[in-house]
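Colleague: For reference, the structure I am asking about is given below.
The values are calculated or read from the model by the stated rules, or taken from the named source; none is laboratory data. Remember, predicted model here, so these are calculated numbers, not experimental data. Quick reminder, even Gly has a Cβ in these numbers, built from the backbone with ideal geometry, and neighbours come from all protein chains shown. With ligands, DNA and RNA removed, areas are computed over all heavy atoms of the protein, side chains included. Shrake-Rupley method; radii C 1.70, N 1.55, O 1.52, S 1.80 Å.
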Protein chains: 2
Amino acid sequence: MHRNEHVEKHFEAPEIIRDIVIGMADGLTVPFALAAGLSGTVSNTHLVVVAGLAEIAAGSIAMGLGGYLAARTDREHYLAELERERREIIELPECEREEVAEVLRSWSIPEEAVSSAVDAISRDHERWVDFMMKHELGLEEPNPKRARNSSLTIGLSYIFGGAIPLSPYLIFAHSLDALLISVVITLISLFVFGWVKGKFTGSRPVKSAWQTALIGGAAAGAAYLLARWIS
Amino acid sequence: MHRNEHVEKHFEAPEIIRDIVIGMADGLTVPFALAAGLSGTVSNTHLVVVAGLAEIAAGSIAMGLGGYLAARTDREHYLAELERERREIIELPECEREEVAEVLRSWSIPEEAVSSAVDAISRDHERWVDFMMKHELGLEEPNPKRARNSSLTIGLSYIFGGAIPLSPYLIFAHSLDALLISVVITLISLFVFGWVKGKFTGSRPVKSAWQTALIGGAAAGAAYLLARWIS
C-alpha cells in the first residue's frame, strides 16, 4: 500500500480525467492535421468534413476497441500465469521456494534472513502465489471493469477532441477560412490539454503544453505540405 | 535479473520486431478506414490518395514524435526522483530506513529479518537509492536511446503499414474498385500482423489475428457508413 501512496503523488488526478486528456489530446492532433492537409488541396469544406468525420470514427474505434481488447488479453494472460503458479507451488515446491529465495537475494536481503523469509512466505499458499506473480513475474492483477471504462472514455474523448478542429469546417464554406480558425482554436486546445496532462502526470505543465502543441503543429504542417505537394 | 529472464518469456521477439508490428498494425487500421470511408463518397481515387497520405503523415508524426517526447519526459521524471531520493537518504536517513522496512514488511518478510535486511541495504548508498527507486517508487531507469529508436521504428512502420491499404488507390482510377482490393489485402495483412503480435506478446496468435482484423474491419465499416450517411 505504501508504494501506491507514493505513486499517487505522480498521478493525482482521478483516472477518468487522465483518460479524457489522453483521448482528447490524440483526437485533437490527427483529425486537425488531416483537415489542415486537405484544406491545401480542396476548397470545398464539405469534403474536409466527410474525411474528418471518417477519421474520427476510425481513430476512436481503433483506440477504444483496441484498448479494450488489449486489456482483455492482458487479463487472460494474468489468469493463465496465476493458474500456472498455483500448479507449480504444488508440483514443484522446492523450485518455487528457490525462486522466492532468488528474488529476495536480488533485493540484497542477507543470506541468514532469506530462509526464514522464504518459510514465512511459503507457509500461506495464497501469499506465496501472490509473491511470485508480483515479484518474480512482475504482474499486477488487471481490473477488467476499469479497462473497459478507460477504453470507452478514451474513445469518446477522441471524438470530442476531434470535433474541435473540425467545427470551423462545418461553419465556413471556404476551406482556407476554416483552416485559419481551426489552427487557432486547436493550438489553444492543445496547449490547454498539454498543460492539464503535465499537471496530472508529474511533468512540468508548461513544458507539456508546448510539447503537445508542437506535436499537433508538426503533424498538421507535414500533412498540409505533403497534400499540397502531391496535388 | 531473475525477473527479466521471466519477462523475456513473454516478449521473446527482438524489440525492433515488436515496434514494427505495433506501428504497422496501427498504420494499417486508420488509413485503411479513412480510405474506405472516402470511397463511399468520392469516385475519384486521387482525393483518397491525398487524404490517405495526409493521414499517414499526421499519424506517423503523432505516434513517433509523441512517443519520443513522452519517453524523454519519463527520463527527466526518473532523474528528478533519483535526485530527490539521493538527497533524502542523506537528509532524512531515519525516515528512509523506515520506508525500506515498510517495503520489506509489505513483502511478508518476518520482523526479525527486517532490521538486518534494512542494515544491509542502507549500508551502500547506491544500493539504497536503487532499492527506493525500484521498490518504493516502482520506477525503472528508462533507456533514452532505446526510446528514440523505438519511436522512430514505430513511426516508420506506421508509414509502411499505411502504404498497404492505400496502394490500390494509386493503381485504380475508380475508388470502389480500389476499395475492394484494399479490403482484401488489408484484412490479410491485419491477420498476419495480429498473428505475429500475438506470437510475440504471449497471447494466442490466432485470437490476436482475429482481434486485429476485427478492429480494422470495424473501424473501416464505421468510417464507410458514416461517410455515406452524411454525404
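Colleague: Evaluate the Debye formula for the stretch B:90-164 with equal point scatterers sitting on the alpha carbons, no solvent, and hand back log10 of I(q)/I(0) at q = 0.22 Å⁻¹, in q order, two decimals.
Modeller: With no solvent term, the Cα-only Debye profile gives -0.95.
Colleague: Given R₀ = 25 Å, FRET efficiency for residue A:112-residue A:134 by Cβ-Cβ distance, to 0.05?
Modeller: The value I calculate is 0.55.
Colleague: Next question, about the same structure. Straight distance only, please: which aspartates and glutamates reach the Cα of residue A:207 with their own Cα at less than 19 Å, same-chain residues fewer than 8 apart left out?
Modeller: Here the aspartates and glutamates satisfying the reach criterion relative to residue A:207 are A:12, A:26, B:74, B:76, B:81.
Colleague: In the structure shown, do any of A:199/B:134; B:145/B:197; A:197/B:145; A:199/B:199 have a Cα-Cα gap over 26 Å, and if so which?
Modeller: In this structure, A:199/B:199 lie more than 26 Å apart at Cα.
Colleague: I would also like to ask the following. Accessible area of residue B:61, 1.4 Å probe, to the nearest 10 Å²?
Modeller: Roll a 1.4 Å probe over it and residue B:61 shows about 40 Å².
Colleague: Inside 10 Å of the C-beta atoms of B:62-70, what's the mean count of C-beta atoms belonging to other chains?
Modeller: 6
Colleague: When the helices in chain A are scored as -39500 (n - 2.57) per DSSP H run of 4 or longer and the sum is shared across all residues, what 222 nm value do you end up with, to the nearest 500 deg cm²/dmol?
Modeller: Result for chain A, helices only: -29500 deg cm²/dmol.
Colleague: Charges on Cβ only, +1 for Lys and Arg, -1 for Asp and Glu, centred on the Cα centroid of chain B; of B:89, B:21, B:70, which one is farthest towards the dipole's positive end?
Modeller: Going by the Cα projections, it comes out as B:21.
Colleague: Within a 10 angstrom radius of each residue's Cβ in A:113-121, how many Cβ atoms of other chains show up on average? Whole number is fine.
Modeller: 4
Colleague: While we're on this one: Provide Rg and Dmax in Å for the protein assembly as shown, with only Cα atoms included in the calculation.
Modeller: According to the Cα coordinates of the protein assembly as shown, Rg and Dmax are 25.1, 79 Å.
Colleague: Taking DSSP loops as anything outside H, G, I, E and B, show the longest stretch in chain B free of GluC sites (Glu not before Pro) there with at most 12 other beta carbons within 10 Å.
Modeller: After excluding every exposed loop site, the longest remaining stretch is B:13-139.
Colleague: Averaged over every viewing direction, what's the projected area of the C-alpha convex hull for the stretch B:42-191? Give it in nm², one decimal, please. Present the calculation step by step, with values, prior to reporting the outcome.
Modeller: Working: hull surface 51.2 nm².
Computed as one quarter of the Cα hull surface, the answer is 12.8 nm².
Colleague: What's the extension gain from residue B:105 to residue B:145 if we count 0.36 nm per residue and subtract their Cα-Cα distance?
Modeller: 10.8 nm
Colleague: Given Cβ point charges of +1 (Lys, Arg) and -1 (Asp, Glu) and nothing else, what value in debye, to the nearest 20, does the dipole of the stretch A:81-136 about its Cα centre take?
Modeller: About 140 debye.
Colleague: Could you work out, residue by residue across B:33-41, how many beta carbons of other chains sit within 10 Å of that residue's beta carbon, and then give the average as an integer?
Modeller: Per residue, the average neighbour count from other chains is 5.
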